[in-house]
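The values are calculated or read from the model by the stated rules, or taken from the named source; none is laboratory data. All figures in this text were calculated on a predicted structure; none of them were measured in a lab. Neighbour counts run over all protein chains shown; Cβ positions are idealised from the backbone, glycine included.
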Amino acid sequence: MNEIMEQLKQIFKLNEFNQEREDLYFITAEKEQLVSLLTHLRDIHQFTSLIFLQAVDYIEDNLFQLTYMTHNYDKHISLGIRVKIDRQAAEMSSIHHLWEHAETFQRELKELFGIDFPGSPGIDSGFVLEGWEDIPPMRKDFDTVKYAEKTFFPRPGRKTHDPAEYMKNKLYPENN
Amino acid sequence: MFEGDRSKFPEIKDGRPVIDLDSQKFIKVWQGPQHPGVTENIALELTVSGDEVVELKTHVGYLHRGFEKLLERRTFIQGFTIVCRICVPEPDTNEYLYAAALEELGNIEIPEKALWLRTLTLEMSRLASFLMWIGGQAGSFGMGTIGQWSVAHRDFILDLFEELSGGRIYHMYIIPGGVRGDIPPGFVSRLKKVLRKIDVLLEDIDKVLFNNILFKKRAVGLGVITKEMIDKFGVTGPAAKAAGYDRDLRKDLPYLIYNKLDFDVITGSDSDAFTRAKVRFAEMHQSVELIRQIIARMPEKGEFHTKLPNVLHWRIKPGETWVQAEASRGEYGYYIVTDGSAYPRRIAVRGPSYSNAISLLQKLAVNTNIADIAGLMVSLHTCPPEIER
């Protein structure tokens, strides 16, 4: 793996190379070089499989980290490529031409994180949500409790009780 | 399968068929979300011309419980009761992967006995999952009786799980640090008895399913996945093995005690629904054999759980990891990012259905007879909750 890294470093600008396990490595790449890096890994170094593409929200740094996990079935090594992108203008190049199922990951990230992948087929067709108007729900600043309180409300005609108080009254009515 | 040259119908523009519903040549049919021919909560939007499917779109979102978002708001120990719900037929893979990822990030070593018990439950759940699948596969080709047999036998395994963990469907048995308990007295002999029953069942299924002309006629040549498609669509597990790839994480990157067990990776060559069924059927036999090996060699005594830090205040140092295991449907994995707090920063689940049920199914369904869609879908062994986590 170190040999591959040396070769890659001559072509691409790579930071933070770390080995997590014997079979798992992570590198951080530049946003602009990602598509050519993935193509290079796939065609030259046999990282032929894209396992997943996911995003991590670093709201405090105003960044999204995209993780592209690739796998080499000859050497049985997984390589995660991390790319940091701006959270405000969240946009990334599409890789649907490299792997067919990347399109689904990109559709999911568009809907749940609001990261755009221009040119990806059916990118706006939605993934799991229907008629969603709020901010993308997987972002860290999306408050699930606030959303639930705003959207759903208790049905009228129902009483709520403090469970401890209610059971005390029910079991020991003579104490009241 | 179809007469005449259909390559020019319908016209393909930008990779998509041009479908004009007003032309009265096409009908849109929904298969699901409530339909015996789909696996769980998923809907297939079919555009058919006659009885031939010209386009299929997969719709998910009928179960969406937002597991990943939910996990970000739970402490690490609270999360473990949620993860098993991500895949109903085979929850133990989720439990194992979640626990394994946390153990790796938190530098926790688990005792030897726990490794054996974890492997035992993983193989038992693999067998239960396959039993459910073979019922669906036979049922989708009109042989409902096999489904009744196999689901009844799956129940015998669920009885054992109930005995082991207290839960039939969701076991919550594999927890960070080990497992929740040792096997109860007499468990091994009851397990052996169930395995003998399953042996008989598999013999019966072999006779009535794989030698059945109806099944052969419909499944041979259905949904062929070429070798080139495997990596392009991210296909793993029995679907990749049926195409001739000997890829199995239990062999390639042995986890738990799989390196101590004796087994070979089963492969096929024709890569159609029939070969996939054959590969899975052989894996059922293999699973029975692996369970027998495990119970014969498992250490009788020993710790099954290691001491964890106070789980109510458990903070894991910043880091990220990706752990994988071979589930019955293919390679299953958890990507966990921690940031030093008591909550995970991000948990992403990658199940094999993610590519199988969407991009791959959409591709394979084109030009298939509408009656075979159910059989095709089950032959990819999909489980929608792992798509819409």
Among the residues of region B:166-188, count how many are closer than 27 Å to B:Gly135 by Cβ and free of Cβ contacts under 8 Å to residues at least 40 places away in the same chain. 4
Between a first residue in region A:92-105 that is facing chain B (nearest Cβ under 7 Å) and a second residue that is assigned to a loop (DSSP other than H, G, I, E, B) and of a type in the set (S, T, N, Q), which pairs have beta carbons less than 9 Å apart while being 6 or more apart in sequence or on different chains? A:Glu103/A:Ser94; A:Glu103/A:Ser120
Could you look through region B:322-353, keep only residues that are among the aromatic types (Phe, Trp, Tyr), more than 8 Å from chain A (Cβ to nearest Cβ) and in a strand (DSSP E or B), and pick out the one that is surrounded by the fewest Cβ atoms within 10 Å (Cβ to Cβ)? B:Tyr334
For region A:71-83, indicate whether the set of residues that are of a type in the set (Gly, Ala, Ser), touching a strand residue (DSSP E or B) at 6+ places or on another chain (Cβ under 7 Å) and under 30 Å from B:Lys363 (Cα atoms) is non-empty. yes
Quick check: is even one residue across region A:138-145 at negative phi, assigned to a helix (DSSP H, G or I), at pLDDT below 90 and exposed (fewer than 10 other Cβ atoms within 10 Å of the Cβ)? yes
Could you check how many residues of region B:203-229 are in a helix (DSSP H, G or I) and more than 17 Å from B:Met377 (Cβ to Cβ)? 14
Pick from region A:33-56 the residues that are more than 12 Å from chain B (Cβ to nearest Cβ) and part of a loop (DSSP other than H, G, I, E, B): which of them is surrounded by the fewest Cβ atoms within 10 Å (Cβ to Cβ)? A:Ile44
Where A:Tyr25 falls short, out of the listed (1) farther than 25 Å from B:Ile347 by Cβ; (2) touching a Leu at 6+ places or on another chain (Cβ under 9 Å); (3) among the hydroxyl-bearing types (Ser, Thr, Tyr): (1)
B:Glu228: passes all of (1) closer than 30 Å to A:Asn72 by Cα; (2) surrounded by 13 or more Cβ atoms within 10 Å (Cβ to Cβ) but (2)
Filter region B:19-49 down to residues that are in contact with a strand residue (DSSP E or B) (Cβ under 9 Å, 6 or more places away or on another chain) and at positive phi, then give me how many there are. 1
Taking B:Arg389, is it more than 14 Å from chain A (Cβ to nearest Cβ), charged (D, E, K, R) and either crowded, with 23+ Cβ neighbours inside 10 Å or closer than 24 Å to A:His76 by Cα (or both)? no
Evaluate region A:57-74: report whether one residue or more is within 11 Å of chain B (Cβ to nearest Cβ), in a helix (DSSP H, G or I) and touching a helix residue (DSSP H, G or I) at 6+ places or on another chain (Cβ under 8 Å). no
Tell me, yes or no, whether region A:144-153 has at least one residue that is within 14 Å of chain B (Cβ to nearest Cβ), over 14 Å from the mean Cα position of the chain (by Cα) and within 30 Å of A:Thr39 (Cβ to Cβ). no
Which residues, taken from region A:11-32, are surrounded by 16 or more Cβ atoms within 10 Å (Cβ to Cβ), more than 13 Å from chain B (Cβ to nearest Cβ) and not in a strand (DSSP E or B)? A:Phe12
For region A:124-135 the number of residues that are touching a helix residue (DSSP H, G or I) at 6+ places or on another chain (Cβ under 8 Å) and within 11 Å of chain B (Cβ to nearest Cβ) is 6
